[in-house]
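These notes concern the structure reproduced below.
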Amino acid sequence: MRIMSYLLLVLLMPLLLLGCGEAAPAPAAPEAPAAEEAPFRVAVVMPSGTTDLAWSQAMYDALVAVQAELGGESAMQIAYSENMFNVTDAAAALRDYAAEGNDLVIAHGTQYGTSLFEVAADFPETSFAWGTAIDTGAAEGLSNVFAYNALAAQGGFVNGVIAAQLTESKVIGVIGPVEAGDAKDYVDGFVNGVASVDPSITVQVAYTGSFGDTALAAETANVQIAAGADVLTGSAQQVVGAIGVAKENNVLWLGTQSSQSSLAPEIVVSTQLYDWGAVISDMIAKHQAGELGGEAYELTLENEGLKMSFNDGFALPAEVAEQAAAAQSALVAGSVDPLAE
């Protein structure tokens, strides 16, 4: 009986304590799972394809590289519209991307500038960017627009120095797209680079009036070669046509914007690469810090936004490589102006 009484007392003790006013401890609430940070969302509208070996591919490749650096799709999402030749369609795409909640919307072409400013005014919490340009829309009261530009004359000058030493006919051909922006700067820098080595060399410059007409670029290349050119260069997505003609005729090619050596490794000598990676990374960082625009960026040889790439499949003579390196050093030091007549 004593044992039973003891057990009963033990069982009743909690109730007795509650009756004395002591509360039983409440069970601990489960910890709420940490909220996952939403990925940064970037959208870009491009005038050509992501594999154009030129203007659009340079931007797309940079976006993919930044995405990888940040940790993949969980950290950064990329949406894009390619081959947007029609400015009206491009404007609609820019507006849709902003309305869908993308953090940064890029209009990759100066032809989209007017449309971009109109859309940016309607979405003040979204960051926008366009290039190649230096206007951030401050005069229009905008504070959410970035601009970016490539000082393409620098790499053009280096390519010109190389071309002047490789030509045997003393005739070089240039296939430009539209005579404006970084395309014109590249051509002017190239011409000056040739002249810095040998002003007696004839440089034939022809603008097709189109960024993407590969057939017209091919036709222009044929005309240049028929006139004696044994080295060619050019810019924009049209160059795929010109490079094909150069390959057929065993004429050397020097490129810009994106690597073109895969298209014709036996004749592509060098390329001025546009690397937008640091620009994109800085735009993202600024947006996340609450600075939605207002910065104008420039790619240069000094900040390595412009990079000279030499094709491993082409045996560049040592003396030519040395002069190219000397020209690049002079440009970085500021002792040579690639646009000076």
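The values are calculated or read from the model by the stated rules, or taken from the named source; none is laboratory data. Predicted, not measured: the structure shown is a model, and the values here were computed from it. Counting neighbours? That spans all protein chains shown, and the Cβs are built from the backbone with ideal geometry, glycine included.
General remarks:
- Residues that are of a type outside the set (Asp, Glu), within 25 Å of the chain's Cα centre (by Cα) and outside any loop (DSSP other than H, G, I, E, B) occur at least once in region 206-214.
- Qualifying positions in region 272-303 - outside any strand (DSSP E or B) and of a type in the set (S, T, N, Q): Ser281, Gln288, Thr300, Asn303
Results for (1) within 23 Å of the chain's Cα centre (by Cα); (2) charged (D, E, K, R); (3) farther than 27 Å from Asp230 by Cα; (4) at pLDDT below 95, shown as yes or no for each residue.
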| residue | (1), (2), (3), (4) |
| --- | --- |
| Gly101 | yes, no, yes, no |
| Phe117 | yes, no, yes, no |
| Ser143 | yes, no, yes, no |
| Ala150 | yes, no, yes, no |
| Glu168 | no, yes, no, no |
| Asp182 | yes, yes, no, no |
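- Members of region 248-271 that are in a loop (DSSP other than H, G, I, E, B), touching a residue at least 60 places away in the same chain (Cβ under 8 Å) and of a type in the set (S, T, N, Q): Ser258, Ser259, Gln260, Ser262
- Subset of region 304-319 [more than 16 Å from the chain's Cα centre (by Cα) and either in a loop (DSSP other than H, G, I, E, B) or charged (D, E, K, R) (or both)]: Asn311, Asp312, Gly313, Phe314, Ala315, Leu316, Pro317, Glu319
- Boolean, Asp96 is free of Cβ contacts under 8 Å to residues at least 24 places away in the same chain and either of a type outside the set (Gly, Ala, Ser) or in the same structural domain as Val178 (by TED's automatic domain parsing) (or both): yes
- Filtered residue count, region 288-318, keeping only those that are crowded, with 20+ Cβ neighbours inside 10 Å and either touching a Cys at 6+ places or on another chain (Cβ under 8 Å) or closer than 25 Å to Ala75 by Cβ (or both): 5
- Residue in region 38-47 that is surrounded by 10 or more Cβ atoms within 10 Å (Cβ to Cβ), out of contact with any strand residue (DSSP E or B) (no Cβ under 6 Å at 6 or more places or on another chain) and at pLDDT 95 or above present: yes
- Filter result for Asn222 (without any contact (Cβ under 8 Å) to a residue 60 or more places away in the chain, in the same structural domain as Glu266 (by TED's automatic domain parsing) and either part of a loop (DSSP other than H, G, I, E, B) or among the hydrophobic types (A, V, I, L, M, F, W, C) (or both)): no
- The residues in region 51-81 that are surrounded by fewer than 17 Cβ atoms within 10 Å (Cβ to Cβ) and either of a type in the set (Asp, Glu) or assigned to a loop (DSSP other than H, G, I, E, B) (or both) can be counted, and the count is 7.
- Looking only at residues of region 190-205 that are outside any helix (DSSP H, G or I) and in contact (Cβ under 8 Å) with a residue 12 or more places away in the chain, we find that the one that is nearest to Ala327 (Cα to Cα) is Asp198.
- For Arg41, the criteria (1) within 30 Å of Leu254 (Cβ to Cβ); (2) not in a loop (DSSP other than H, G, I, E, B) hold in every case but one, which is (1).
- Count - residues of region 70-91 that are closer than 21 Å to Ala285 by Cα, in contact with a strand residue (DSSP E or B) (Cβ under 9 Å, 6 or more places away or on another chain) and not aromatic (Phe, Trp, Tyr): 6
- Ser196 being surrounded by fewer than 24 Cβ atoms within 10 Å (Cβ to Cβ), on the phi < 0 side of the Ramachandran plot and not assigned by TED's automatic domain parsing to the domain that holds Gly234: no
- Filter pass, Tyr112 being in a helix (DSSP H, G or I), out of contact with any helix residue (DSSP H, G or I) (no Cβ under 7 Å at 6 or more places or on another chain) and within 23 Å of Trp55 (Cα to Cα): no
Conditions (1) more than 30 Å from Met308 (Cβ to Cβ); (2) touching a strand residue (DSSP E or B) at 6+ places or on another chain (Cβ under 8 Å), marked per residue:
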position	(1), (2)
Thr114	yes, no
Val119	yes, yes
Trp130	no, yes
Ala133	no, yes
Val158	no, yes
Leu166	no, yes
Gly173	no, yes
Gly181	no, no
Lys184	no, yes
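- All positions within region 156-189 that are of a type in the set (Lys, Arg) and not in a helix (DSSP H, G or I): Lys170
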